[in-house]
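The values are calculated or read from the model by the stated rules, or taken from the named source; none is laboratory data. The model shown is predicted, which means the values in this text are computed figures rather than measured ones. Note: ideal-geometry Cβ built from the backbone for every residue, glycine included; neighbour counts use all protein chains shown.
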């Protein structure tokens with residue numbers, strides 16, 4: 001079944017879309033396999049995830065978490081739908097994938113076309129002007145629509161839902177239009193709505209529209225203790241509400257480093273940097289300058305760069321583009337260390353995947369999340385300047401024994417702390433259906449109105465931290 005726009009290439013302009021299979025067409029609790037007398041009743045849970053992009057072809061941390069979670073829940077008998085855009089690129093939001101309904105690995109995916117694309121150069125210039133304005137004068141709605149992906153059809157579909165037996169919504173990340181417009185629409189329809197912010201310290205986090213979304217969410221699901229601390233520092237009023245830490249489980253995959261090296265004619269030690277490469281993520285001149293200095297001082301180490309936007313023509317840098325999942329695990333397995341230069345993280349999946357493979361990391365100390373993950377795991381080293389990064393790069397090639405020990409420590413950490421059972425327990429607790437919490441989640445507006453009631457009824461009682469349990473202390 002495909003979207004049928006009411007008029008024009010993308011609908012009526014208000015986003016009217018007909019024939020969309022809504023997530024609530026699956027009852028939130030579907031009883032299957034009834035036996036006489038009502039015994040042996042199995043309850044199927046359902047969830048609708050709203051993400052700006054979705055699919056195995058998508059490179060992006062929050063989107064990858066969304067996909068991994070959706071596919072894991074399906075294996076556990078959940079009925080999962082994902083509402084998303086037709087975009088592959090987060091720079092332009094160009095409609096590339098077919099609109100309408102499809103199925104991927106047991107997940108029902110419904111794609112809505114963006115009403116217009118984004119010109120990244122124009123948007124960057126406009127954003128600089130936007131954030132120079134006093135907060136009261138900023139045209140937030142104009143900016144948010146251009147931030148995108150502008151999916152009015154998705155928001156209309158949320159508004160049209162029947163709240164009787166509706167599936168809960170999980171919105172992620174906080175920054176984009178589907179969350180900033182979709183979550184208030186779901187709350188207005190009185191459908192349970194969770195927010196997985198994927199927040200780091202940036203100017204948009206303090207916008208009025210963003211504050212509204214954090215306040216309205218029924219529960220907040222953080223990736224790390226550092227992310228939770230950031231949000232509660234910016235918005236202390238959300239602290240009494242229902243929340244949990246730990247959004248993803250990690251399962252490693254055996255890599256073949258010899259196959260990777262042979263395929264790309266690599267003969268010496270190499271560092272690996274991966275993910276979605278943007279200047280804001282830190283994969284820029286700092287990393288390449290440090291590599292140049294290390295090689296100039298006699299190191300024979302090279303840098304393999306994967307993902308979108310990988311540069312070319314730099315001495316010692318091998319861009320390999322977007323790898324298959326097996327290709328990625330092959331590359332990780334052979335790396336002397338995995339470099340994470342980003343200063344803006346809510347969770348580093350790259351670090352977790354390096355550690356589960358027994359590989360150490362070199363991470364940016366400007367990121368509180370990376371500092372916390374690295375110190376808790378013992379799986380790597382940090383850098384805070386180019387000279388320090390040069391030293392770390394040289395050590396990765398010269399001090400293999402110490403690097404191997406860190407990799408093993410990280411591997412043990414991920415095996416012990418990042419299991420899917422804990423993640424699913426978190427979700428059930430946030431939805432108010434966990435084994436030790438059968439009470440429904442309080443709506444945040446009730447929490448704000450009566451903090452004492454929130455404490456009495458469990459509004460702030462869910463503090464599970466799979467993957468980082470006890471790390472906030």
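Just a few scattered comments:
- Of residues in segment 314-335 being in contact (Cβ under 8 Å) with a residue 60 or more places away in the chain and part of a loop (DSSP other than H, G, I, E, B), the one farthest from the chain's Cα centre (by Cα): 335
- Qualifying position, being part of a helix (DSSP H, G or I), touching a residue at least 40 places away in the same chain (Cβ under 8 Å) and surrounded by 24 or more Cβ atoms within 10 Å (Cβ to Cβ), among 390, 414: 414
- Hits in segment 84-108 - residues which are surrounded by 23 or more Cβ atoms within 10 Å (Cβ to Cβ) and over 15 Å from the mean Cα position of the chain (by Cα): 85, 87, 93
- Restricting attention to segment 278-308 and to residues that are surrounded by fewer than 18 Cβ atoms within 10 Å (Cβ to Cβ) and in a loop (DSSP other than H, G, I, E, B), the residue that is modelled with the lowest pLDDT turns out to be 278.
- Any chance residue 253 is touching a residue at least 60 places away in the same chain (Cβ under 8 Å) and out of contact with any strand residue (DSSP E or B) (no Cβ under 9 Å at 6 or more places or on another chain): yes
- Unmet criterion (only one of (1) within 29 Å of residue 175 (Cβ to Cβ); (2) in contact (Cβ under 8 Å) with a residue 24 or more places away in the chain; (3) crowded, with 21+ Cβ neighbours inside 10 Å) for residue 374: (2)
- Residue in segment 186-198 that is in contact (Cβ under 8 Å) with a residue 40 or more places away in the chain, surrounded by 17 or more Cβ atoms within 10 Å (Cβ to Cβ) and in a helix (DSSP H, G or I) present: yes
So that you can scan it fast, the table gives a plain yes or no per residue for (1) closer than 27 Å to residue 294 by Cβ; (2) in contact with a helix residue (DSSP H, G or I) (Cβ under 6 Å, 6 or more places away or on another chain):
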site: 371; (1), (2): yes, no
site: 377; (1), (2): yes, yes
site: 386; (1), (2): yes, yes
site: 397; (1), (2): yes, no
site: 400; (1), (2): yes, no
site: 410; (1), (2): yes, yes
site: 413; (1), (2): no, yes
site: 421; (1), (2): no, no
site: 431; (1), (2): no, no
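Residue-by-condition table, conditions (1) at pLDDT 95 or above; (2) under 16 Å from residue 112 (Cβ atoms); (3) crowded, with 24+ Cβ neighbours inside 10 Å:
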residue: 150; (1), (2), (3): yes, yes, yes
residue: 153; (1), (2), (3): yes, yes, yes
residue: 164; (1), (2), (3): no, no, no
residue: 173; (1), (2), (3): yes, no, no
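- Selection count, segment 225-249, where residues are touching a helix residue (DSSP H, G or I) at 6+ places or on another chain (Cβ under 7 Å) and in contact (Cβ under 8 Å) with a residue 40 or more places away in the chain: 16
- Which numbered condition residue 381 fails, given (1) at pLDDT below 95; (2) outside any helix (DSSP H, G or I); (3) within 30 Å of residue 290 (Cβ to Cβ): (1)
- Within segment 144-156, if we keep just the residues that are over 15 Å from residue 51 (Cβ atoms) and in contact (Cβ under 8 Å) with a residue 60 or more places away in the chain, the residue that is nearest to the chain's Cα centre (by Cα) turns out to be 144.
So that you can scan it fast, the table gives a plain yes or no per residue for (1) surrounded by fewer than 18 Cβ atoms within 10 Å (Cβ to Cβ); (2) out of contact with any strand residue (DSSP E or B) (no Cβ under 7 Å at 6 or more places or on another chain); (3) free of Cβ contacts under 8 Å to residues at least 40 places away in the same chain; (4) on the phi > 0 side of the Ramachandran plot:
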| residue | (1), (2), (3), (4) |
| --- | --- |
| 365 | yes, no, yes, no |
| 397 | no, yes, no, no |
| 410 | no, no, no, no |
| 418 | no, yes, no, no |
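- Flag for residue 237 being in contact with a strand residue (DSSP E or B) (Cβ under 9 Å, 6 or more places away or on another chain), at negative phi and surrounded by fewer than 22 Cβ atoms within 10 Å (Cβ to Cβ): no
- In segment 336-352, the residues that are part of a loop (DSSP other than H, G, I, E, B) and closer than 14 Å to residue 406 by Cβ: 336
- Taking segment 219-277 as the range and being in a strand (DSSP E or B) and closer than 30 Å to residue 329 by Cβ as the test, the residues that pass are 221, 222, 244, 245, 270, 271, 272, 273.
- No other residue among 33, 16, 37 is in the same structural domain as residue 172 (by TED's automatic domain parsing), surrounded by 16 or more Cβ atoms within 10 Å (Cβ to Cβ), at pLDDT below 50 and more than 15 Å from the chain's Cα centre (by Cα) apart from 16.
- The selection criterion, being at negative phi, touching a helix residue (DSSP H, G or I) at 6+ places or on another chain (Cβ under 8 Å) and either assigned to a helix (DSSP H, G or I) or in the same structural domain as residue 81 (by TED's automatic domain parsing) (or both), does not hold for residue 124.
- Residue among 321, 358, 334 that alone is assigned by TED's automatic domain parsing to the domain that holds residue 263 and over 26 Å from residue 415 (Cβ atoms): 321
- Single residue of segment 95-115 satisfying the filter (free of Cβ contacts under 8 Å to residues at least 40 places away in the same chain and in a loop (DSSP other than H, G, I, E, B)) that is farthest from residue 58 (Cα to Cα): 106
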